1. Those residues that are farther than 15 Å from V100 by Cβ and surrounded by fewer than 20 Cβ atoms within 10 Å (Cβ to Cβ), I need them from the range 119-134; list them, please.
2. Which pairs have Cβ atoms under 7 Å, sit 6 or more apart or on different chains, and link a residue in the range 142-170 that is more than 8 Å from ligand 2 (Cβ to nearest atom) to one that is among the hydroxyl-bearing types (S, T, Y) and assigned to a helix (DSSP H, G or I)?
3. Select, from L131, L180, L141, the only residue that is over 22 Å from L51 (Cβ atoms) and over 14 Å from the mean Cα position of the chain (by Cα).
4. Suppose we keep only residues that are within 16 Å of Y67 (Cα to Cα) and buried (at least 17 other Cβ atoms within 10 Å of the Cβ) within the range 135-156. Which one would you say is nearest to ligand 1 (Cβ to nearest atom)?
5. Evaluate the following for L94: is it in contact with a helix residue (DSSP H, G or I) (Cβ under 8 Å, 6 or more places away or on another chain), part of a helix (DSSP H, G or I) and closer than 16 Å to N46 by Cα?
6. Could you list, in sequence order, the residues of the range 20-37 that are in contact with a helix residue (DSSP H, G or I) (Cβ under 8 Å, 6 or more places away or on another chain) and free of Cβ contacts under 8 Å to residues at least 40 places away in the same chain?
7. Is there any pair with a first residue in the range 57-75 that is closer than 16 Å to E2 by Cβ and in a loop (DSSP other than H, G, I, E, B) and a second that is modelled with pLDDT of 95 or more and more than 10 Å from ligand 2 (Cβ to nearest atom) whose Cβ atoms are under 8 Å apart and which are 6 or more apart or on different chains, and what are they?
8. Which residue, of F108, F103, is within 16 Å of ligand 1 (Cβ to nearest atom), in a helix (DSSP H, G or I) and free of Cβ contacts under 8 Å to residues at least 40 places away in the same chain?
Amino acid sequence: MEGYKLFLAFLASALLLGVLSVAFVLVWVLNYREGLGWNGDLPEFNWHPLLIITGFVFIQGIAIIVYRLPWTWKCSKFLMKLIHAGLHTVALTLAIISLVAVFDFHNFKKIPNMYSLHSWIGLTAVILYALQLVLGYMVYLLPFAPTSLRTAVMPIHTYSGLLIFGAGIATALMGITEKLFFALTEKTVPYSQSPKEAIFVNVLGVLIVAYGAVILWIATRPHWKRPLEHVFVTHQRIGEGFGEDDCHSPDLEFNSDAAARKRNPKSDETGQRSTM
Ligand code: HEM
Ligand code: HEM
């Protein structure tokens, strides 16, 4: 793989920034806010930032770059599709629970729903994400879609996936800022006086942006893309399930350009399409 060490540095940064973001939001709700609970009140609201940042930001980011991990290139494409789709499904589930928490909280407190730009962009992003997931399953996982359709849809799939991820990050930033304005008022220390909580949560926002930036960089480097082979197996495997052999190809050296070229000859084009 070209620039293998650089890839590892980006991946390590992504993991560090992602784990730190989740840790920061956890400390925020437990230490500075009212903790967690399911009682219609603020502890229930707090599930909203915690689950959405864990699922819709962190796990979604990992799901997006999972095909790019060079040590998975010896695994069958089918297995990688299951992992990609499975992580996105977990992310969507957490996002939905997080939305149930905030809607439930609003209804319990008789606060109007869907009045803010945050809620408009956020709900749209989650709905599009669900749609992307269903279409992804139908086009790439189930064996019915013809190769021509898979090929035609892939640029749209990639573009809309990255757009939704970016919109999720923007929504999280709006949500964080809104919450700080609501919570840090004259009754406590106002946001404008930069209390400790405000600084801490502003740092959380910076971590989320940095995480998004690293994920988008990894996902848009053409030379870090999964090589175009392994496809022949995919169609054969669909319906067969997967076994030990799905990650067994000892002759593949993922950190060698020559090995990548060997695995990725131009004549593989047809096969590559069939893996999509
Ligand atoms: C409300 C989505 C992140 C804070 C909402 C609502 C939606 C939503 C749809 C409307 C609920 C209603 O009207 O009853 C999202 C999405 C996020 C996200 C998709 C993805 C990243 C966050 C984060 C925070 C946050 C990180 C930080 C605490 C709030 C607040 C409200 C809210 C304070 C209530 C005020 C309002 O409706 O704008 N969110 N949210 N959100 N969210 Fe988020
Ligand atoms: C690739 C997003 C669901 C199959 C991608 C890429 C993105 C993405 C951004 C480009 C990755 C890269 O260039 O390395 C999403 C999102 C989803 C989703 C946001 C859910 C909401 C699915 C599902 C499947 C699927 C359910 C079904 C298996 C694929 C395939 C690729 C791909 C086959 C091509 C990977 C490659 O050849 O390198 N997806 N995806 N996706 N996705 Fe998804």
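1. Taking the range 119-134 first, the residues farther than 15 Å from V100 by Cβ are 120-121, 124-125, 128-129, 131-134.
Correct list: W120, I121, T124, L128, L131, Q132, L133, V134.
2. Here the result reads T147/S274, each pair linking the range 142-170 to a residue that is among the hydroxyl-bearing types (S, T, Y) and assigned to a helix (DSSP H, G or I).
3. Working: L131 fails: over 22 Å from L51 (Cβ atoms); L180 fails: over 22 Å from L51 (Cβ atoms).
Criteria check complete, one pass: L141.
4. G136
5. Judged against the criteria, L94 is a match.
6. Initially, the range 20-37 is screened for residues in contact with a helix residue (DSSP H, G or I) (Cβ under 8 Å, 6 or more places away or on another chain), giving 20-22, 24-29, 32-37.
Matches in the range 20-37: V22, L26, V29, E34, G35, L36, G37.
7. L69/L11
8. One residue alone meets the criteria, F103.
The values are calculated or read from the model by the stated rules, or taken from the named source; none is laboratory data. Here the structure is a predicted model, which is why all the values come from computation and not from measurement. Cβ coordinates were reconstructed from backbone atoms using ideal geometry, including for glycine residues, and neighbour counts include every protein chain displayed.
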